[in-house]
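The values are calculated or read from the model by the stated rules, or taken from the named source; none is laboratory data. Keep in mind that this is a model prediction, so the values were computed, not measured. Note: areas computed on protein heavy atoms with side chains; ligands, DNA, RNA excluded. Shrake-Rupley method; radii C 1.70, N 1.55, O 1.52, S 1.80 Å.
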Amino acid sequence: MADEITAACLCGEARLICGRSLGTRSYCRCTDCRESTGAAFSVAIPFEADLPSYLRGKT
């Protein structure tokens, strides 16, 4: 699949494939997003909920 989205945790223990993105990928640095993630910004990539499949590990 050309538009596959893959993801992994920082330690590499869990890897998953999410399929094709359904919309605009976005970064946000508003106060709500910073507080909810505990980071300087958040990243959002929408995809269908039934598409993720784990290649390694589970969380």
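If you check LEU10, LEU51, which single one turns out to be part of a loop (DSSP other than H, G, I, E, B) and either modelled with pLDDT of 80 or more or open to solvent by less than 50 Å² (accessible area, probe 1.4 Å) (or both)?
Numbers: LEU51 fails: either modelled with pLDDT of 80 or more or open to solvent by less than 50 Å² (accessible area, probe 1.4 Å) (or both).
Within the list LEU10, LEU51, the selection yields LEU10.
Taking into account only those residues within segment 13-45 that are part of a loop (DSSP other than H, G, I, E, B) and open to solvent by 100 Å² or more (accessible area, probe 1.4 Å), which is farthest from ARG56 (Cα to Cα)?
ARG29
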